Amino acid sequence: MIKCNVTVCGTITRSAQMRTNKEGKAFLAFGVSVVIPAKSGINKTFEISVAKDGGMDELNGLSSGTRVELVGVLTFHKKDDTIFLNMSATGVNTFNAPAEDSVKGTIEFRGTVGNKIEEKKDKKDKPYLVFSAFSSEKVGEGYSFTWVRFMHFGQGKPEWMEGKCGIDAKGELQLSIYNDRLDITCRVAELTQWEKQPYQGGGTNPQ
């Protein structure tokens, strides 16, 4: 499980259309492009598929080329090696949206830690942890695995923490591009053990 409460600033690339969900309730669907900055290589543009409760009166204000600021829940869906970004928006601002693209907010994560857990110290000799973990998602007959990198400052490794253990984590979301791939990072604020169900597959850490 990966859930992010975010504010997104970008440009509408697919004008809003009215659609209905399985319960027959109408909603607005549109696409917003956001430039994600690169740590290595060049910046990359992602399109976020946005859904928002609303009616016909909002359509004209959500046309292609409009700058927009969105508030809502961002989720990730992985198919093969491609990560898709989906957002359920609760608020839309088109009047004074910032000119600079950004994705800012918090991330909630539940998943499985990889084998490599690094204990480091900063310039002030304070401990911090660096590790990666994956969240699994059933796709067809198999599973896809989305990896997140974690940085936990001011903390050593908990006694319960080891490779393949389950975690619940919350913290600041940081998105960047590394080697032309989307890098999802959590600057941890809360970290607890998750008693996960029996393991049903495996992921290969791309980092």
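The values are calculated or read from the model by the stated rules, or taken from the named source; none is laboratory data. Note that the structure is a prediction, hence the values are computed from the model and not measured. Neighbour counts run over all protein chains shown; Cβ positions are idealised from the backbone, glycine included. In case anyone asks, the SASA skips ligands and DNA or RNA and just uses the protein heavy atoms, side chains included. Shrake-Rupley method; radii C 1.70, N 1.55, O 1.52, S 1.80 Å.
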T106: in a strand (DSSP E or B), of a type in the set (S, T, N, Q), open to solvent by 60 Å² or more (accessible area, probe 1.4 Å) and modelled with pLDDT of 95 or more, yes or no?
-> yes
Subset of region 1-20 (residues that are closer than 30 Å to K170 by Cα, touching a Phe, Trp or Tyr at 6+ places or on another chain (Cβ under 9 Å) and open to solvent by 60 Å² or more (accessible area, probe 1.4 Å)) | M1, K3
Scanning region 33-60 for residues that are in contact (Cβ under 8 Å) with a residue 40 or more places away in the chain and aliphatic (A, V, I, L, M), the one surrounded by the fewest Cβ atoms within 10 Å (Cβ to Cβ) turns out to be I42
Quick count over region 129-164, residues being of a type outside the set (S, T, N, Q) and either over 21 Å from the mean Cα position of the chain (by Cα) or on the phi > 0 side of the Ramachandran plot (or both), is 13
